[in-house]
Structures are given as C-alpha cells and as structure tokens.
Amino acid sequence: MIPQQCKHNYHRYSKPNLHLFCNEIESGIYTNPTVFSTSPINLATYKTIKELFYYKSRL
C-alpha cells in the first residue's frame, strides 16, 4: 500500500494555492484506484463543491 500523507497546512494557503490543493485532491482521489477503489463522493459533486468553495473564497 502507498504511504499516505495528511496535510493540515492547507488552513494557511493563499487562494491560488488552495485551488491547486483542491486540484491535487481531485487527482489523488479520482485518478488513483489503488488508494480509492470507490470514491467517497462522485466526481461531479466534488467539482461542484470545489467550484462553489473557490467562488466564495474569491469574494
């Protein structure tokens, strides 16, 4: 099994870095079947949540 890394420093990310971090989460969950055989939420729901969060963070 691949060692997992838990990052809690996202609380201090700037807006562009937070968007990059969200993209990394998306890649890690939806393109890595060895870790996540079934994703916790479907991709469309994740993208909707991510975009709403990103939009609200830009206000």
Protection proxy ranking, peptides 34-41, 47-54, average beta carbon neighbours within 10 Å, highest first:
47-54, 34-41
What per residue convex hull volume, in Å³, do the alpha-carbon atoms of segment 11-56 yield?
76
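Computing the accessible area with a 1.4 Å probe over protein heavy atoms, can you report the carbon and sulfur percentage for segment 19-59?
Values: 1920 of 3070 Å².
Roughly 63 percent of what the probe reaches on segment 19-59 is carbon or sulfur.
The values are calculated or read from the model by the stated rules, or taken from the named source; none is laboratory data. This one's a predicted model, so the numbers in the text were calculated from it and none came from an experiment. Every residue, glycine as well, gets a Cβ built from its backbone with ideal geometry; the counts of neighbours run over all protein chains shown. Side chains are part of the model used for accessible areas, which takes the heavy atoms of the whole protein and leaves out ligands, DNA and RNA. Shrake-Rupley method; radii C 1.70, N 1.55, O 1.52, S 1.80 Å.
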